[in-house]
1. ³J(HN,Hα) across the stretch B:59-73 via Karplus (A = 6.51, B = -1.76, C = 1.60, θ = phi - 60°), whole Hz, x for Gly/Pro?
2. Rank B:R341, B:R328, B:R290, B:R318 by accessible area, highest first, at a 1.4 Å probe radius?
3. Quickly work out the B:T15-to-B:K321 label distance, labels modelled 7 Å from Cα along the C-beta direction, and quote it in nm with one decimal.
4. So if I place +1 on the C-beta of Lys and Arg and -1 on the C-beta of Asp and Glu, and nothing else carries charge, what would the dipole magnitude of the stretch A:2-162 be about its Cα centre? I want it in debye, nearest 20.
5. Kindly work out what percent of the DSSP beta bridges joining two residues of the stretch B:276-418 are antiparallel, to the nearest 5.
6. For A:K140, give me every one of the lysines with a C-alpha distance below 20 angstrom, ignoring sequence neighbours fewer than eight places off in its own chain.
7. Å³ per residue of the Cα convex hull, for the stretch B:340-408?
8. Using only the Cα atoms of the stretch B:93-210, build the gyration tensor, take square roots of its eigenvalues as a ≥ b ≥ c, and label the shape rounded, prolate or oblate: rounded if a/c is under 1.5, else prolate if a/b is larger than b/c, else oblate.
Amino acid sequence: MKGNVIKYDRDNIDTDVIIPGQYLKIHDYAELATHAMEGLDPDFHSKVKEGDFILSGKNFGSGSSREHAPIALSHSGIKAVLALSFARIFYRNSVDGAFLLPIEIGQDAYDGISEGDEINIDVSSNEIQNITKNQTYKMKPFSEIIGKIIAAGGLFKYKPDQD
Amino acid sequence: MNIVEKILARGAGKTSVSPDDVVFAKVDKVMMHDVSGPGVIKVFDKLKKQGISVDKLWDSSKVWVAEDHFVPSAEKVSAENIVKLSNFTKNYGIEKHFKYGMGQYGICHTISHEEAMVMPGDVYVGGDSHTNTTGALGAFACGLGHTDIAYVLLNGQIWFKVPETYYFKLNGKLPDHVMAKDVILKIIGEIGNDGGAYRTMQFGGSGIDEMSVESRLTLCNMTTEAGAKNGIVEPDQKVVDYLSQRGATNFNLIKGDEDAEYAKVFEFESSEMEPTIAKPFSPDNTCIVREAPSVELDKSYIGSCTGAKYEDLEAAARILKGRKVKIRTEILPAAISIYQRAMENGLLKIFLDAGVTVGPPTCGACCGAHMGVLAKDEICISTTNRNFPGRMGHVESQTYLASPLVAAASAVTGKITDPRDLK
């Protein structure tokens with residue numbers, strides 16, 4: 001999975017900046033996308049391209065359980081968020097709803113990848129290749145259950161009884 | 001096993017579970033509100049298109065619904081969401097729908113305890129991050145998103161990774177000027193806003209035994225602000241009495257074993273606790289009130305699931321009795337039952353005499369949605385639980401989180417004020 005990176009060099013990007021509370025009444029996914037990241041980066045909607053990734057620090061998606069957050073990012077074209085760590089509800093919403101891949105990375109990837117870099121995420125080898133800088137980093141492998149839900153295409157397509 | 005491991009083991013039909021085990025646990029109660037409800041309806045629509053049947057819920061008697069975030073409706077999208085939600089509960093035979101304008105209604109987490117919707121030992125999930133609140137009744141109470149809630153509605157179970165538990169021991173009774181809000185802000189300040197991430201935060205010790213059920217609810221509510229999966233207190237006679245007064249019978253009091261294991265134990269002395277605030281823009285950015293920055297406040301807000309229970313209003317009334325507010329002050333009881341008690345016991349008169357505006361239960365201002373949002377550069381002291389950028393309105397407004405005693409004292413002076421320093 002190849003794409004370009006939009007980097008937010010900070011920790012604790014919370015759901016209130018990913019999609020502010022006033023938009024929680026909206027359930028049209030395309031409309032939500034127009035407000036994605038509005039609390040932090042009003043230019044996000046105009047600059048994001050289909051297939052882009054977001055890179056950020058620790059505790060990404062902290063705060064509310066609003067599924068609007070991964071929905072707004074996913075429907076903006078974001079295929080994966082790479083972060084040093086994730087808040088738990090954002091993480092499981094991203095996976096169970098099959099909106100985007102939450103990729104846990106180490107400090108080397110965080111420091112090495114810059115805004116605009118083209119990277120390739122290879123989940124099968126747990127590697128991230130930085131095509132722009134010709135570097136490779138490890139990603140934290142998905143836990144067994146998360147890997148299975150992702151492979152199935154979301155929680156509703158995952159069949160626990162067949163394990 | 002500790003209490004959470006026992007509850008999840010029971011839910012999963014296993015004799016024992018350990019941290020990091022992945023289980024599918026049967027759910028005893030599920031809640032959604034006027035934000036997560038329409039979100040769930042959207043998921044149901046998607047499932048229908050994929051050929052997955054959504055004709056029948058697993059058990060509509062175990063589902064309850066609150067109207068809280070966008071009531072009273074400020075515009076037509078919110079109004080239409082309430083209509084959608086009402087049609088959904090009617091079509092699926094969900095009887096426990098607490099409707100705005102029809103007797104008891106309020107913030108979902110407040111209804112959970114005021115109406116005894118959740119019982120000790122339950123696996124309880126809700127479509128809201130502060131579902132953690134109700135762990136104070138001795139339940140495993142955990143917030144989930146729309147897809148997960150839709151899954152629970154149709155299947156009656158959901159996956160969990162069994163969390164490890166941090167145990168917070170509070171020794172001794174809190175001084176009169178210190179509230180549970182001060183305690184949880186101090187804890188979040190110490191462990192950080194991801195210090196409890198993916199874990200259980202359990203509270204115990206003589207300080208918790210001494211605490212009211214409502215104070216314990218405040219503690220568990222804000223475990224979310226430390227990233228915790230859930231907060232919990234082992235149920236005692238106070239919980240049984242509290243729920244019995246609200247019509248509950250048949251208690252299953254699950255408690256941890258004597259040799260229960262905790263990943264880490266933190267110990268605090270109540271006598272050393274001080275009135276505490278969280279400064280903008282994070283609940284872990286804490287300091288004691290007497291070391292707070294000297295800022296000119298524009299507003300004091302006493303509301304929300306964590307800051308407008310009956311004892312929160314009583315605390316505010318102790319300060320506001322016979323005094324006048326110096327800044328715009330709003331008090332919104334978190335449920336109609338609390339509003340009514342506040343009226344019967346003279347609290348509303350104290351508030352109105354002090355110059356406060358008293359409003360209906362809603363999440364509106366707490367999440368910056370409606371009913372009193374902040375303008376650019378405005379500064380608010382608030383009994384709510386979050387102060388992220390833009391949380392209560394304009395992205396350049398600021399919120400200080402505080403106990404109802406501190407919020408009320410600050411309303412009187414217009415500055416952030418320790419209740420002990422009020423003349």
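1. 6, 5, 6, 9, 10, 9, 10, 10, 10, 8, 6, 10, 10, x, 4
2. Output order, biggest surface exposure first: B:R318, B:R290, B:R328, B:R341.
3. The answer from the label model is 5.8 nm.
4. Magnitude of the dipole: close to 400 debye.
5. Bridges in the stretch B:276-418 that DSSP calls antiparallel: roughly 20 percent.
6. In chain and number order, the partners are A:K2, A:K7, A:K58, A:K79, A:K148, B:K161.
7. 92
8. Note, shape of the stretch B:93-210 comes out oblate.
The values are calculated or read from the model by the stated rules, or taken from the named source; none is laboratory data. Only a predicted model underlies this, so the values are computations on that prediction, with no experimental measurement involved. Counting neighbours? That spans all protein chains shown, and the Cβs are built from the backbone with ideal geometry, glycine included. Accessible surface is based on the protein model in full, side chains and every heavy atom, while ligands, DNA and RNA are left aside. Shrake-Rupley method; radii C 1.70, N 1.55, O 1.52, S 1.80 Å.
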